[in-house]
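These notes concern the structure reproduced below.
The values are calculated or read from the model by the stated rules, or taken from the named source; none is laboratory data. Remember, it's a predicted structure, so these values are computed and weren't measured experimentally. Glycine also receives a Cβ, built like all others from the backbone with ideal geometry; neighbour counts cover every protein chain displayed.
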Amino acid sequence: MWTLYSLGIHVYAFLVFVASFFNAKAKKRFVGQRQTFKYLKSNVDKNAKYVWFHAASLGEFEQARPLMEELRRRKPEYKILLTFFSPSGYEVRKNYEGADLVCYMPLDTIRNAERFVRRVKPVDAIFVKYEFWPNFLFALRRRGIPTYIVSAHFRDNQAFFKWYGVAYAKVLNFFNRLFVQDMHSVELLNGVGIENVTISGDTRFDRVVEIASNRKELPLVEAFVGGQKAIVAGSSWPKDEDMLIKYAQDKGVKLILAPHEIHESHLAEIERKWNEAGGAKPIVRYTAATDDNVRNAGCLIINNFGMLSSIYYYGTVAYVGGGFGVGIHNLLEAAVYGMPVVFGPNHTAFREALKLKECGGGISIASYEDFEREMNRLIANPEEAGAAAGDYVNSNKGASDKILGEIFL
């Protein structure tokens, strides 16, 4: 198994190298990973005690963030090393002030893993959600470094729980403790002989509660809404936008649109669709908005990053995009404000989507007809579904305290 895995890693490294000539994201990953050891050599404090957090990308970073920030408050004597696998996480958070060092995680080869652990000498290693890197985990175990995975969510279709994944499941024994989101994860792990499991919940709940309590005041968004009913659409894709624009134009509902992609060609396409739909009210980009022109607009495009989690506060109903593609984006940062959350059909791999549906705070749709029917209902009466969504978030906070309390007694 290990020979095949190591061979696969080297094949992957070669493919990334080839792709780096044609793909900007692949190039950033290739170059970034190659620079990791040089960065560590220049920046690691040999006298410091590092806690290593590894997050694959931006979503996992948000799960690690409340742990890092609480650790900083509780144990200031520790320094924090944060690594990413994906450029989409590293490029956005490479200057994150909550960590002392931020870099790429090198590819999971035996040599890289040994060299990395020897250089950093972490006192603890904390992996987030789905990060199972055998060579790194073995190197940590061999040196007796306590290693954990947090906010983990295991599913029946993962290789660990299939007949062909018996050897791979042994990787899970390298964790000193697995902090999981639910009882089903415990049952799956127990079924393959893993007993060192704690149900702690998902640290994302702590993060969104913190964000909501420190939300930014956005006068231009408030002026746009003007006390009217409004849909806030986060991380939208073209199919989402087609439905949202049609509904907002037909019903005269204010629409705040935060697209997943904000490059110029996509923004221009949204504007074209809005104008061709024939609405009487104009569409305005946030960066071009003024107190005067935004009040009369029908659609406000959020064409910058970092605002969405505060913008949800101003909505009546939230729509979270991605459910007609690879999967929905963050539902919790909308639900925390006690508002109904609508999303597309590709959501079954997301525990929070299923739980929001179960409690009545989340509504899935599969067509424009579904969308229109549910939006009509929620726009008219958002209170019951909104309260259910808010209660769901608040009843699930506290994972960070459970995890840190057990790791750092």
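A few comments on the model shown:
- Counting only residues that are of a type in the set (A, V, I, L, M), in contact with a Ser or Thr (Cβ under 9 Å, 6 or more places away or on another chain) and outside any strand (DSSP E or B), segment 341-355 holds 2 of them.
- Filter pass, I126 being surrounded by fewer than 23 Cβ atoms within 10 Å (Cβ to Cβ), in contact (Cβ under 8 Å) with a residue 12 or more places away in the chain and of a type in the set (A, V, I, L, M, F, W, C): no
- Residue within segment 248-259 that is in the same structural domain as P345 (by TED's automatic domain parsing), of a type outside the set (A, V, I, L, M) and under 21 Å from the mean Cα position of the chain (by Cα) present: yes
- Test: residue in segment 338-349 that is in contact with a helix residue (DSSP H, G or I) (Cβ under 9 Å, 6 or more places away or on another chain), surrounded by fewer than 22 Cβ atoms within 10 Å (Cβ to Cβ) and touching a residue at least 60 places away in the same chain (Cβ under 8 Å): no
- Residue that is nearest to the chain's Cα centre (by Cα) [pool: residues in segment 348-403 that are closer than 12 Å to L331 by Cβ and of a type in the set (F, W, Y)]: F350
- Out of Y90, Y96, sole residue that is more than 15 Å from A125 (Cβ to Cβ), touching a helix residue (DSSP H, G or I) at 6+ places or on another chain (Cβ under 7 Å) and among the hydroxyl-bearing types (S, T, Y): Y90
- Lone qualifier among I379, I311 - being over 22 Å from D250 (Cβ atoms) and either in a helix (DSSP H, G or I) or touching a strand residue (DSSP E or B) at 6+ places or on another chain (Cβ under 6 Å) (or both): I311
Residue by residue, here is whether (1) at pLDDT below 95; (2) within 16 Å of A334 (Cβ to Cβ); (3) touching a helix residue (DSSP H, G or I) at 6+ places or on another chain (Cβ under 9 Å) holds:
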| site | (1), (2), (3) |
| --- | --- |
| D182 | yes, no, yes |
| S185 | no, no, no |
| L188 | no, no, yes |
| I199 | no, no, yes |
| R207 | yes, yes, yes |
| I211 | yes, yes, yes |
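- Any strands (runs of 3 or more DSSP E) falling wholly within segment 143-242 and containing at least 1 residues that are outside the structural domain of E60 (by TED's automatic domain parsing) and not charged (D, E, K, R): 230-236
- Single residue of G193, G165, G227 found to be within 19 Å of G338 (Cα to Cα) and either at pLDDT below 95 or exposed (fewer than 13 other Cβ atoms within 10 Å of the Cβ) (or both): G227
- Residue within segment 283-301 that is touching a residue at least 24 places away in the same chain (Cβ under 8 Å) and acidic (D, E) present: yes
- G234 meets all of the listed conditions (1) surrounded by fewer than 18 Cβ atoms within 10 Å (Cβ to Cβ); (2) within 24 Å of G327 (Cβ to Cβ) but one, namely (1).
- Of all residues in segment 1-45 being of a type in the set (S, T, Y) and in contact (Cβ under 8 Å) with a residue 24 or more places away in the chain, the one that is surrounded by the fewest Cβ atoms within 10 Å (Cβ to Cβ): Y12
- Checked against (1) surrounded by 15 or more Cβ atoms within 10 Å (Cβ to Cβ); (2) at pLDDT below 95; (3) not in a strand (DSSP E or B), L267 passes all but a single condition, namely (2).
- The residues on offer are E369, E384, E374, and the sole one that is at pLDDT 95 or above, under 30 Å from D156 (Cβ atoms) and either in the same structural domain as E241 (by TED's automatic domain parsing) or in contact with a Ser or Thr (Cβ under 8 Å, 6 or more places away or on another chain) (or both) is E374.
- Of the residues making up segment 350-361, one or more are more than 16 Å from S235 (Cβ to Cβ), crowded, with 18+ Cβ neighbours inside 10 Å and of a type in the set (G, A, S).
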